[in-house]
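All remarks here apply to the structure that follows.
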Amino acid sequence: MPSENKKTDSFKELRWSDIQDWAGGKATSKGIKYQEEERVKEIKCTPEGSLVARVQGTTDYFTEVSLENGKLSSICTCPVGHDCKHGVAAVLEYLEQVEQGEEIPLIAEEDPLIIRARRGYTGAENSGIHDAEKSSLQNLREYLEQLKKPELIEILVAFAEKDSLLGMYLKDRQNLAAENPAGIVGEIYSEMDELWREARDYDCWNYEGEDMPDFSDLQVRLESLLDSGHPDELLDIGKGLMDRYDGIAEYDEEGEIGTKISHCMDVVFKALSQSSHPAHEKMLYALEIELKDNYNILDEHTLWKEDFSQEEWRLFSEILKVRLQEAEREENGLYYSSWERDYAIDRLVGALKNAGLSEEIIPICELEAEISGSYVRLVRVLLDSGEKEKAEEWIYRGIKETCEEEPGTARELWNILLEIKENGGNWLFVTALETEEFFRHPQLASYIRMREAARKIGKWQEIQEAALRYLRSGELQAKHVSPLEETSILPGILPKTGLLDISSLKEIEPPVSDLLTKIAIKENNPGEVIHWYEKFKEKRSAAERYLNSAFENEIANAVKDKYPEIAIEIWKKLAESLISETKVSSYEAASMYLRKIKETLEAVGKKNEWEIYLKDARELNKRKRKLLEILDRLGEDKIIRE
């Protein structure tokens with residue numbers, strides 16, 4: 001068998017810092033433990049130079065690790081999906097085997113190991129595996145077709161005795177063959193009653209494991225009813241399931257019961273497609289069920305994609321319009337709440353389009369905007385119809401009406417306006433919108449968007465000066481204009497947008513040193529970073545609230561080349577604070593900062609200072625065994641010792 005690809009030689013040069021940079025301290029520590037526990041059950045290398053492995057966790061997980069341009073990356077079939085402890089374990093197992101002189105086999109492309117590993121990024125079901133499963137079922141079918149009827153009966157009876165669900169399914173089919181659907185339906189309702197009694201016996205902390213109500217029997221009985229040609233009988237059962245779940249959903253915090261009911265409702269939607277009802281009644285049923293789904297447990301179904309006639313879509317839309325009108329008069333109607341009405345109107349718009357009645361859509365959407373504030377739908381419909389000017393009029397009206405009570409809607413309308421102006425190439429107006437947004441909500445993200453827009457029109461220098469002056473001193477010319485007077489956010493530089501409300505500008509306490517620090521980091525200005533970092537620390541109360549480890553680490557990374565002593569001071573503080581927590585997870589996090597101290601001191605020719613610091617840390621924490629193991633790794637460079 002071919003072994004070890006020359007392209008994997010680059011793995012031999014890996015350092016512990018490479019592993020930590022890739023997977024993080026926590027995954028690195030767990031990966032080390034997995035490798036030491038011999039959980040890597042199979043490992044091979046690919047012709048491209050990656051590693052593929054089977055690692056034992058709660059189940060077998062399959063991972064592929066690549067090393068390109070000195071950077072590690074991995075995919076995995078575990079819930080994390082990438083750059084995880086299973087990948088770390090695979091790399092360390094490979095390096096240990098290489099160090100011991102063992103040969104690593106070269107994998108073939110059709111090897112199931114690589115197919116399973118790559119399932120992580122090619123979809124939940126790898127096409128090769130799916131094809132193999134289909135082939136296996138086909139072989140089974142061909143085998144069964146060769147058997148005689150008595151042999152098949154013996155097989156079914158034998159397995160019905162072993163499998164209670166199969167036994168129940170076959171008995172229900174037997175009863176239904178005797179024209180007794182009412183009896184099965186009655187038993188289904190009795191079973192539902194029992195399941196809900198079980199569900200109500202538990203509080204939200206007890207829905208787990210074997211204590212969970214078991215819906216598998218119910219699902220099998222629904223399937224037997226459907227397979228026996230009784231789809232209509234399932235529709236009322238589906239309504240009952242959704243109504244009953246609504247009564248216990250607040251206890252189902254993790255959604256396990258909701259998932260089981262969703263599986264039952266999948267059977268109901270299959271029944272709906274096969275039912276004897278006309279298409280418009282099927283649509284009305286589906287909409288009613290969707291409106292009962294207050295906790296979003298249902299999977300997507302295909303009914304709305306079916307090829308119904310225009311007449312069926314018209315009948316559905318006419319009935320739905322009547323029901324919506326009735327709901328305005330009856331507060332307990334199914335379509336009364338805002339989200340239910342909004343959802344139903346979306347279905348109505350789609351139905352009118354499919355019915356060839358597009359001319360009715362805009363008037364209905366205009367009325368809904370007046371009634372319920374559904375401006376976004378109206379604007380999108382107008383844009384789809386090519387009525388851009390009218391859409392912009394409704395955007396301005398909608399923002400004015402919703403900015404205080406429904407800021408999310410106002411923001412969505414603002415985004416649509418921004419998109420319109422970007423698509424039209426009106427970058428001066430785009431810059432005005434983004435600049436207003438920055439002064440309304442001063443954040444790094446809005447600063448960056450403002451900068452990108454301003455650079456397109458060549459006005460970044462003036463706008464940047466105004467923005468930084470505002471953050472440093474609170475000075476802004478537009479603030480001195482009367483609230484009743486329409487103005488530009490930066491008169492003489494940017495145009496009026498018609499959306500600026502001076503009273504909406506956020507009150508700041510200059511200097512806004514945390515944001516100024518972040519801006520300096522983004523613009524790679526270490527001197528300004530230090531200046532505003534020091535100012536920020538002077539605001540003790542603010543610093544205590546907002547200065548977190550991630551931000552301080554970002555500051556240290558930004559200044560380490562020009563001001564290494566400040567970076568080291570920050571990292572020491574962060575590391576020592578974590579170590580004082582005396583938790584293994586904190587030691588793992590601290591190791592990231594300790595390694596940065598090591599690398600920075602070595603880069604400035606102070607390796608001896610690092611060794612003294614490491615020695616002192618060992619002595620100070622000599623009773624913390626797990627920490628000492630981590631410190632030992634920090635003292636090493638390459639994973640494979642030469």
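The values are calculated or read from the model by the stated rules, or taken from the named source; none is laboratory data. Predicted model, so just to flag it, every value in this text is computed and none were measured. Cβ atoms come from the backbone with ideal geometry, glycine included; neighbour counts cover every protein chain shown. Accessible surface areas use protein heavy atoms only, side chains included; no ligands, DNA or RNA. Shrake-Rupley method; radii C 1.70, N 1.55, O 1.52, S 1.80 Å.
At a 1.4 Å probe, what is the % contribution of carbon and sulfur to the accessible area of the chain? Here it works out to 46 percent.
DSSP finds beta bridges in the chain, and of those with both partners inside it, around 95 percent are antiparallel.
On the beta carbon distance between Glu145 and Asp232, with R0 = 35 Å, the FRET formula returns roughly 0.60.
Per residue, the convex hull spanned by the Cα atoms of the stretch 399-469 amounts to 86 cubic angstrom. Per residue, the solvent-accessible area of the stretch 50-94 (1.4 Å probe, heavy atoms of protein chains only, all protein chains present) comes to 39 Å². Rg over Rh for the stretch 318-404 works out to 0.98, using Cα positions for both radii and the Kirkwood form for Rh. Based on alpha carbons, the Rg and Dmax found for the stretch 460-588 are 19.1, 61 Å. Surface exposure of the stretch 340-395, expressed per residue as accessible area with a 1.4 Å probe, stands at 46 Å². Available extension along the chain between Glu360 and Glu419 is 18.6 nm, counting 0.36 nm per residue and deducting the alpha carbon span.
What the Cβ-Cβ distance of Lys573 and Thr259 gives, at R0 = 51 Å and to the nearest 0.05, is a FRET efficiency of 0.65. A Cβ-based charge dipole, computed about the Cα centre of the chain with Lys and Arg at +1 and Asp and Glu at -1, lands at about 3340 debye. With a simple spin-label model that places each label point 7 Å from the Cα along the Cα-to-Cβ direction, the separation between Glu194 and Glu599 comes to 6.2 nm. Mean residue ellipticity at 222 nm, helices only, the chain: -20500 deg cm²/dmol; runs of at least 4 DSSP H residues each add -39,500 (n - 2.57), and the sum is divided by the number of residues.
Normalised per residue, the accessible area of the stretch 520-624 is 57 Å², obtained with a 1.4 Å probe and no contribution from ligands, DNA or RNA.
With kT/(6 pi eta Rh) evaluated at 25 °C and eta = 0.890 mPa s, and Rh the Kirkwood radius from Cα pairs, the stretch 214-367 diffuses with a coefficient of 148 µm²/s according to Stokes-Einstein. Checking the Cα-Cα distances for Lys239/Lys305; Lys535/Lys606; Lys535/Lys598; Lys560/Lys624 against a 25 Å cut-off, the pairs over it are Lys535/Lys606; Lys535/Lys598; Lys560/Lys624.
Name the residues of the stretch 404-427 whose amide N is less than 19 Å from a point 7 angstrom out from the Cα of Gln443 along the C-beta direction? Answer for this model: 404-419. The chain gives an Rg/Rh value of 1.04, both radii derived from C-alpha positions and Rh following Kirkwood.
Dipole of the stretch 213-307 (Lys/Arg Cβ +1, Asp/Glu Cβ -1, origin at the Cα centre): which of Asn294, His280, Phe215 lies farthest to the positive side? Checking the options against the dipole of the stretch 213-307, the answer is His280.
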